[in-house]
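Following: one structure in structure tokens, then a few remarks.
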Amino acid sequence: MTLKKIHFVSGLTIAIFISLHLVNHMLSVFGADNHINVMNTMRLIYRNIFVESILLIGVFVQIISGLKLFKSYRKITTTKFEKLGLWTGLYLVVFFIMHISAVLGGRFFLHLDTNFYFGVAGLNSFPYNLFFIPYYGLAIISFFGHIAAVHRKKMNGNILNFPPEIQSIAILVFGVLLTIFLFFGLTNHFKGVTIPKEYEILIGK
């Protein structure tokens, strides 16, 4: 199996989890309790030691293969979608390293439940939100941008009279709109979220 195929398979595995994770985040529009209840149900599957190990291995493989592919293709990409795939992939590598390190650190060193409040503490606190808004926003947009780039490369035919390039643009636009919608829920409709006391350590309190 070539490096590109390994990267694709690991990416597909992670994409399934990320998609479910984003659906969970969408439910935050109905409140933190709803988000946490659904997360606890999903955790019965992905917090299983077997599934979680596969996900972590998949992320590790994705990071290593992604960096190698970035190095190999950085100077030979020509089209805008190739460049989109390259740079969104690099951002996702950085995000995976930072995000997984933070989540594992929260679980095993801070002994916090890495639930809704763990994820949104910085997002709802100034000046930390100056970092976390672009940090999370670019991660979601990069996820859909990377999918859009892969779709453009692999799709040759029209769908409902829309050519592949328009399809990929639609995927990217959907990602941007979804990002705005997710922030709408994760910031309690832009009014802010009250952070429980045990999570205040994340924002220096």
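The values are calculated or read from the model by the stated rules, or taken from the named source; none is laboratory data. Keep in mind that what you see is a predicted model, and the values were worked out from it rather than measured. Here the Cβ positions follow ideal geometry from the backbone for every residue, glycine too, while neighbour counts run over all protein chains shown.
Evaluation of Lys75 against the conditions (1) exposed (fewer than 12 other Cβ atoms within 10 Å of the Cβ); (2) touching a Gly at 6+ places or on another chain (Cβ under 9 Å) shows that the sole unmet condition is (2).
Only one of the numbered conditions (1) charged (D, E, K, R); (2) more than 18 Å from the chain's Cα centre (by Cα); (3) in a helix (DSSP H, G or I) is violated by Arg43, and that is (2). Condition test on Tyr73, is it more than 22 Å from Gly185 (Cβ to Cβ), at pLDDT below 95 and not polar (S, T, N, Q)? Spelling it out, Tyr73 is indeed more than 22 Å from Gly185 (Cβ to Cβ), at pLDDT below 95 and not polar (S, T, N, Q). If a residue must be surrounded by fewer than 19 Cβ atoms within 10 Å (Cβ to Cβ) and either touching a Gly at 6+ places or on another chain (Cβ under 8 Å) or touching a residue at least 12 places away in the same chain (Cβ under 8 Å) (or both), how many such residues does the range 113-124 contain? The number of residues fulfilling the criteria is 2. Of the residues making up the range 142-169, those that are crowded, with 17+ Cβ neighbours inside 10 Å and in contact (Cβ under 8 Å) with a residue 40 or more places away in the chain are Ser142, Phe143, Gly145, His146, Ile147, Ala148, Ala149, Val150, Arg152, Ser168. When we screen Thr88, Thr13, Thr78 for residues that are out of contact with any Leu (no Cβ under 6 Å at 6 or more places or on another chain) and touching a residue at least 60 places away in the same chain (Cβ under 8 Å), the only hit is Thr88.
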